[in-house]
Each structure stands twice: as C-alpha cells, then as structure tokens.
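Below is one structure; the comments refer to it alone.
The values are calculated or read from the model by the stated rules, or taken from the named source; none is laboratory data. What you see is a predicted model; the values in this text were computed from it and never measured. Because the Cβ atoms are built from the backbone with ideal geometry, glycine has one as well, and the counts that use them run over all protein chains shown.
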Amino acid sequence: MRRFSNRVFTFGVFWLLGCGALRAGVIYSTFDNPPGTAFTRVDFYVAQGASVPGGYSGLASPFTSGGEFDVTQIDAVLGGAANPVYTKTVDVGIYTDAGGLPGALIGSMYQATPPQNFINADVVAISGITGVPLHSGQTYWLVILPDSTSTNVNWVYGAGSGVQARTTDGSTWFHPTASVNSTYFDVVGTEVPEPGTFTLLGLGSTVVALLRRRAAIR
C-alpha cells in the first residue's frame with residue numbers, strides 16, 4: 001500500500017509540474033524564409049527628412065495573440081540606408097487595435113538599429129521587453145517609427161499579402177490605397193497562466209499533501 005501511495009505521490013508531483021509549466025516561444029510570425037537565409041531588400045520606408053516623400057513615414061502591421069502572453073522579444077527584418085548621412089535607429093512598439101488601425105501604445109517604445117546593408121537586410125532582435133501583456137484573441141499592431149529627423153530604414157516584406165497601416169505624422173494612421181505584402185516580423189513571449197491554473201495548482205497541492213500524510217500514518 002505504501003508503494004502504491006508513493007506512486008500516487010510521484011504522479012501528483014509530475015502533474016503539478018505539468019500544470020505549472022509555462023509556454024515560451026513565438027506568439028506570431030510572418031517569416032517564410034528558413035533561419036539564416038538572406039532577405040532581399042524589398043521594403044517600405046521608415047524614414048523622416050528629405051529622403052522620403054512628404055518628410056515622414058511610419059509603418060504598422062497587425063497580429064492576433066493566440067493566448068495570454070507577456071512579450072519578451074520582437075524580431076523584424078530591417079535594413080539601414082547606405083548613405084552615411086542617415087541615422088539607422090527606429091522606435092518599435094506594440095499598440096492596441098482601434099477599429100482596424102493602431103490605437104494606444106502598450107508599455108514603452110524600444111529602439112532598434114539595423115545594420116547598413118544596401119543589398120540584403122537582417123533580422124534585428126529587440127529583447128528584454130517588459131510590461132507588454134497580450135490577451136487571447138485580441139488584435140495588436142507592431143509599429144515602427146523613425147526616431148530622428150534623418151532616419152532612413154527599410155522594413156522588408158515577403159511574398160504573402162497582408163494588411164498595413166501608415167502614418168505621415170507619427171500619430172494619424174491610414175490604410176494604403178494599393179495592395180500590400182506582409183512585412184517580416186515575429187513576436188516572442190511567455191505564457192501567463194489563467195486564474196483556473198492557480199486553482200488547479202492549489203487543489204493538486206492539497207491532494208498530494210493528504211495522500212502523503214495518509215501514507216505516513218499507515
């Protein structure tokens with residue numbers, strides 16, 4: 001009987017560990033190239049100054065969260081302009097959705113500096129992100145804006161069709177009139193347990209403790 005109880009106890013411990021394990025990984029991705037391959041520069045401007053018509057261009061792409069997550073990293077395929085007079089730093093953030101366009105900023109803006117590469121672009125990782133929660137089934141926007149009056153950076157897109165939003169002043173958003181392709185990016189995060197998970201953990205702990213106590217008495 002004691003051997004049986006010990007088995008039950010061991011099973012309970014592993015069950016608790018399974019319930020408490022949180023998923024961490026890619027929440028959303030538009031990448032269709034194998035890791036390590038070069039991304040040919042077919043891109044949209046994220047720029048400010050004389051290098052872009054109208055003087056300003058910011059971009060945003062939508063995505064939907066498949067669960068409750070805290071964002072930890074954003075990856076985007078970016079390339080800096082070859083001309084050394086331009087800066088290569090952009091501001092990256094996640095925004096809420098407001099009627100199919102970017103709404104309010106969640107958390108903080110983070111800076112990314114892509115390499116200066118005229119032919120190909122590279123995956124630029126923005127890590128160490130905190131305070132950006134995502135909720136299951138909700139749509140969000142990955143927004144990339146120029147951070148200076150001489151920014152000239154390119155956000156590369158792939159073959160797949162997609163939805164985009166653009167801004168020419170950093171605050172007012174609109175959809176391009178022409179069809180667009182999906183920009184390359186992914187969002188990485190850690191799963192946040194739902195309240196029911198904590199209830200199961202508490203119940204499991206109680207059951208395991210009672211079984212252990214009963215086995216010790218016998």
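Observations on the structure shown:
- Complete set of residues in the range 177-189 that are farther than 23 Å from TYR28 by Cα and not aliphatic (A, V, I, L, M): THR177
- Check on THR113, closer than 14 Å to ALA60 by Cα, touching a residue at least 12 places away in the same chain (Cβ under 8 Å) and hydroxyl-bearing (Ser, Thr, Tyr): no
- Residues of the range 140-150 classified as within 21 Å of GLN164 (Cβ to Cβ) and over 12 Å from the mean Cα position of the chain (by Cα), total: 4
- Hits in the range 60-91 - residues which are under 15 Å from SER148 (Cα atoms) and aliphatic (A, V, I, L, M): ALA81, VAL85, VAL90
- Single residue of the range 21-68 satisfying the filter (at positive phi and surrounded by fewer than 13 Cβ atoms within 10 Å (Cβ to Cβ)) that is modelled with the lowest pLDDT: GLY36
- Test for LEU105: is it over 18 Å from THR190 (Cα atoms) and touching a residue at least 40 places away in the same chain (Cβ under 8 Å): no
- Index of the failed condition, ALA82 passing every other in (1) surrounded by 20 or more Cβ atoms within 10 Å (Cβ to Cβ); (2) within 24 Å of GLY54 (Cβ to Cβ): (1)
- Figure legend. Inter-residue proximity from the range 145-167: first residues free of Cβ contacts under 8 Å to residues at least 60 places away in the same chain, second residues part of a strand (DSSP E or B) and surrounded by fewer than 23 Cβ atoms within 10 Å (Cβ to Cβ), beta-carbon distance below 9 Å, spacing 6+ or different chains. Indicated pairs: SER161/VAL180; SER161/ASN181; SER161/SER182.
- Wholly within the range 120-218, strands (runs of 3 or more DSSP E) carrying at least 3 residues that are at pLDDT below 90 and in the same structural domain as ASP75 (by TED's automatic domain parsing): 120-127, 152-162, 180-183
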